[in-house]
Amino acid sequence: TAAPTNVPTSNPTASPTDNPTSSPTNNPTNADETVYCPTEDGTSVTLTSGMKSFARSTTTSFCGIFIELESGDLIPYARSYSANDWEPSPGPKAVPYSGIVCGDIACTVDLPPQSSGSYVIMTKPTSTLADKDKIARFLEMTSFGPMFSEIASLDVGGSFGENERAAAVRAQMDLPKSSHREYFRRNSNPKWDATTQNARSDHPCDPNSRWRDYAYIRHDRRDTITSTDIYTTFEQAPEDSNSTFTIYQADSEDDVTVNTGTLVGANDTDANAGFSGDGYYDMGGYDDYIQFNISVVENVEVPISFRYAQGSSSYNGNRPCVLSVNEDIVRDVYDFPFSDSWSYWIYSEMVTVSLTAGINTIKLLVRDQNNGPNIDFLRVGKPPALLMKTNGWLRHVAKNGVGIVNEWGFDFTDETVYFPSYPNAIEGDLYRYPYGRLRVNVTGATRELDIGNPKLDFEGYESHLPL
């Protein structure tokens, strides 16, 4: 056969290298590209973005993924400690739980691209925890947060291990259930309870607002699907069927004893609308008063209230009086808050007083400011409470009855109404519906209720709530 056409080369095709092709890595190489926590000397390792597999930390170390900014600041992103699964770190930039999937060997963590900064991973050794620290960590994971008293109750000596944790969980499970919502409402974002123009903290749309305590919202006007009107009924509470009241008018000097104010009659050209009877008393300045003489046949404790109008925003929208019965002060500060108009008549707070057989005096005295409210009448006793039901469900108990804010005499018992406009929320501001608004269509006309958009209060009438 012919000789080969090529002859061997004289020299190797490449010279041998002097050193290994790369430096050894800190961690073993692996085919599945799992990232291991670096050594515990504080050295950070930069990571690229994407879905990556991370080994858990060792039993004696903490391993964390951070977003390192150009300034050198580190923002916590994810963590694994004491050989536990990877989890979001505390903080606003943490990975969501949906971005972590853990298996038997490692956890996959999502590292989305960052507009600024880069991901780094670093490790530090963990110190041995004292029992109280273990308990605090346990309570942080299983409750709404540790308290010193709870830590002390569980730190009874010895090791706080698996059996102790199980016993603590069992003890919690055996306790009567409590309401996180009730606790949250009581301890966060309290409402401003003064009659003042400051603070607008109780509207549900305000920053930091957490709840509402008024009865009706926009969705109570029309059905969400059909857009048909939603109806509300007024039913007399059966337990109040024997409730009665007597009205004592403030029309003239035959009805009341007064000082420096003005008795306004129905025929006066400057009379405000909406009062009952033949007039009302426009209370004057300092030391003015109005006194009612009440006769009862026996000693009795009875609730009283006043129908009044107070349309001034002066004195922080409140014109309190001193309330006394038979010369004894019952309320040193009896509030008459802003009613939004001198033609809008609402009721003062019901106060239970003691009357003796015979003639009794009930007196309102202006003391702390240079003017009082307009008084329509004194009501001794109370009407039956009305159960306000929307679509058949109890929504509010009107314990002092329901009337029309600028009219007198309409009885809502057994009426059925709908809202021709959206209910207005209580907004905690003198100029933005301090009581809310409920406008109802009844007998073909729109009327505004004197209870506003009432606060939720079922005390004493809980039996009417659904089970």
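The values are calculated or read from the model by the stated rules, or taken from the named source; none is laboratory data. Predicted, not measured: the structure shown is a model, and the values here were computed from it. Neighbour counts run over all protein chains shown; Cβ positions are idealised from the backbone, glycine included. Heavy atoms of the whole protein, side chains included, go into the accessibility calculation; ligands, DNA and RNA do not. Shrake-Rupley method; radii C 1.70, N 1.55, O 1.52, S 1.80 Å.
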All positions within the stretch 120-140 that are of a type outside the set (Lys, Arg), in contact (Cβ under 8 Å) with a residue 40 or more places away in the chain and surrounded by fewer than 18 Cβ atoms within 10 Å (Cβ to Cβ): PRO125, THR126
Members of the stretch 95-119 that are among the aliphatic types (A, V, I, L, M), open to solvent by 30 Å² or more (accessible area, probe 1.4 Å) and within 24 Å of THR60 (Cβ to Cβ): ILE105
(1) surrounded by 10 or more Cβ atoms within 10 Å (Cβ to Cβ); (2) at pLDDT below 90; (3) more than 30 Å from ASP41 (Cβ to Cβ); (4) not hydroxyl-bearing (Ser, Thr, Tyr): which one isn't true of ALA166, the others all being true? (2)
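Find the strands (runs of 3 or more DSSP E) located wholly in the stretch 365-467 whose residues include 3 or more that are within 24 Å of ALA273 (Cα to Cα), and list them.
374-381, 439-442, 445-448
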List pairs: first in the stretch 95-119 and more than 16 Å from GLY50 (Cβ to Cβ), second open to solvent by 60 Å² or more (accessible area, probe 1.4 Å) and not in a helix (DSSP H, G or I), Cβ under 6 Å, 6+ apart or cross-chain? CYS102/ASP85
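Of all strands (runs of 3 or more DSSP E) completely enclosed by the stretch 56-167, which ones contain at least 2 residues that are among the polar types (S, T, N, Q)?
In the stretch 56-167, the matching strands (runs of 3 or more DSSP E) lie at 118-125.
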Quickly run through the stretch 232-242 and pick out the residues that are hydroxyl-bearing (Ser, Thr, Tyr) and either modelled with pLDDT of 95 or more or buried (at least 17 other Cβ atoms within 10 Å of the Cβ) (or both). THR232, THR233
Tell me, which residue of the stretch 451-467 that is surrounded by fewer than 17 Cβ atoms within 10 Å (Cβ to Cβ) and aliphatic (A, V, I, L, M) is modelled with the lowest pLDDT? LEU467
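With a cut-off of at least 2 residues that are under 25 Å from VAL351 (Cβ atoms) and of a type in the set (Val, Ile, Thr), name the strands (runs of 3 or more DSSP E) lying wholly within the stretch 236-299.
Fully inside the stretch 236-299 and qualifying: 245-249, 256-258, 289-296.
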Condition met for PRO383 (surrounded by fewer than 21 Cβ atoms within 10 Å (Cβ to Cβ) and over 29 Å from ILE329 (Cα atoms)): no
Go over the candidates GLU427, GLU407, GLU448 one by one and state the one that is open to solvent by 40 Å² or more (accessible area, probe 1.4 Å) and closer than 16 Å to ASP340 by Cβ. GLU407
